[in-house]
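So the structure is just underneath, and the comments pick up after that.
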Amino acid sequence: MSGPEIEKIAAAARRANLPWSPARQQQVSWAVMSRIEKARRRRPLIALSLAGAVAATAFVLVWQRRAPSEATTAVAAPACQLATSLADGTRIVRDDAATVLRKTVEDPDDVLFELDTGGARFEVARRPARVFRVHAGDVTVQVIGTGFHVQRAGTRCQVAVDHGRVLVSWWGGSRELGAGEQGTFPPDAATSTVSESPVAAPPVSALATSAPGHLSRRAPLAAGPEALFARADRARAAGQPEVAVATLRELRARFPRDPRAGAAAFTTGRLLLESLHRPRDAAAAFAEARAEARGDSALAEDALAREVESWHAAGDRDAARTRAALYRSLFPNGLRLHIVERYGGLKADP
């Protein structure tokens, strides 16, 4: 084979710009050996020329791989790497390579993913005894078996259900979505979190002296319910659920008649169930939230539904069934009836 012919092969290889890998190197080696063997049977000289040409092509490919160029410095991940499968058959497909999705819990009765950025589609295997959750910032999507898509956008996220049902919850509320339904969460009314108001200076009567003749010092002013709720929210956002729970309990203990007491109890239940994995304590918190609802039927309904879920997560079937029957009698047309009946064992998983 002449020099110009070898140059043509090298030029074609440069235009192809194929990525070099161990697998491709093995393929080239097999091709070289196969063609050498065939040529050897015909003419030894042609075999040597052919081997030289293929070797030159391989050298060009390796040189392209090693040479720094903008075309080869950033290589997109193959589409197959975007898909993940769990042992139970659950399939997860990320929207693109920029999606950051972390699996933090995978137990027989609990699976938890953290969606930091981007979106993903989940096809969850049906397992009634297992809780499958996706955390996306302030929003939690929980299912038993369904297909849905979650797309995170800052502190909010979009949830679309293909089939089955999911329970979407956020700081201070929740909503159940069925097949074909979608929404952006938290809703507009819930996107703004309570900000801690600056503490006003206490009146003169609040000043105390440490000893006669010493300068008066201002006594510390305890935080009010609004400031405590905001403090708990910041602790939750900072990944400190224990601190958030303690702050919410302080709010309820010091201000039992404050309108925020019911929401504080409900949020305590959420933190205990979803972040601290203490379902029995969560059930008690949701029961307290229901007792403090004070005519707020929406809060009472949500709290009772989450109490059923907590007893289900704790493995207490009798308590889950009892609370589910209570929910069905109090809220026969409730938004959570479908999932409550499944958690309470009143309705088989479809």
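The values are calculated or read from the model by the stated rules, or taken from the named source; none is laboratory data. Please read all numbers here as calculations on a predicted model, not as lab measurements. Here Cβ is always computed from backbone atoms with ideal geometry, including for glycine, and neighbour counts include all displayed protein chains.
Overview of values
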{"quantity": "Candidate set: the range 131-175, residues that are of a type in the set (Lys, Arg) and under 26 Å from Asp88 (Cα atoms); chosen: the one farthest from the chain's Cα centre (by Cα)", "calculated": "Arg165"}
{"quantity": "Any hit, the range 319-328, residues being more than 18 Å from Thr140 (Cβ to Cβ), within 24 Å of the chain's Cα centre (by Cα) and not assigned by TED's automatic domain parsing to the domain that holds Glu181", "calculated": "no"}
{"quantity": "Within the range 100-154, tally of residues that are over 19 Å from Ser275 (Cβ atoms) and not basic (Lys, Arg)", "calculated": "21"}
{"quantity": "Filter result for Gly178 (over 24 Å from Arg234 (Cβ atoms) and either over 15 Å from the mean Cα position of the chain (by Cα) or modelled with pLDDT under 90 (or both))", "calculated": "yes"}
{"quantity": "All positions within the range 113-153 that are surrounded by fewer than 20 Cβ atoms within 10 Å (Cβ to Cβ) and among the aliphatic types (A, V, I, L, M)", "calculated": "Ala125, Ala129, Ala153"}
{"quantity": "Residue in the range 182-200 that is surrounded by fewer than 11 Cβ atoms within 10 Å (Cβ to Cβ), assigned to a strand (DSSP E or B), modelled with pLDDT under 85 and among the small types (Gly, Ala, Ser) present", "calculated": "no"}
{"quantity": "Members of the range 259-271 found to be over 14 Å from Val131 (Cβ atoms) and buried (at least 18 other Cβ atoms within 10 Å of the Cβ), listed by number", "calculated": "Arg260, Ala261, Gly262, Ala263, Ala264, Ala265, Phe266, Thr267, Thr268, Gly269, Leu271"}
{"quantity": "Selection within the range 322-350 - basic (Lys, Arg) and either farther than 17 Å from Val131 by Cα or exposed (fewer than 14 other Cβ atoms within 10 Å of the Cβ) (or both)", "calculated": "Arg323, Arg328"}
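This table checks each residue for (1) of a type in the set (Asp, Glu); (2) in a helix (DSSP H, G or I); (3) more than 30 Å from Ala238 (Cβ to Cβ).
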site	(1), (2), (3)
Ala284	no, yes, no
Ala289	no, yes, no
Ala293	no, no, no
Ala305	no, yes, no
Ala313	no, yes, no
Ala319	no, yes, yes
Ala325	no, yes, yes
Ser329	no, yes, yes
His338	no, yes, yes
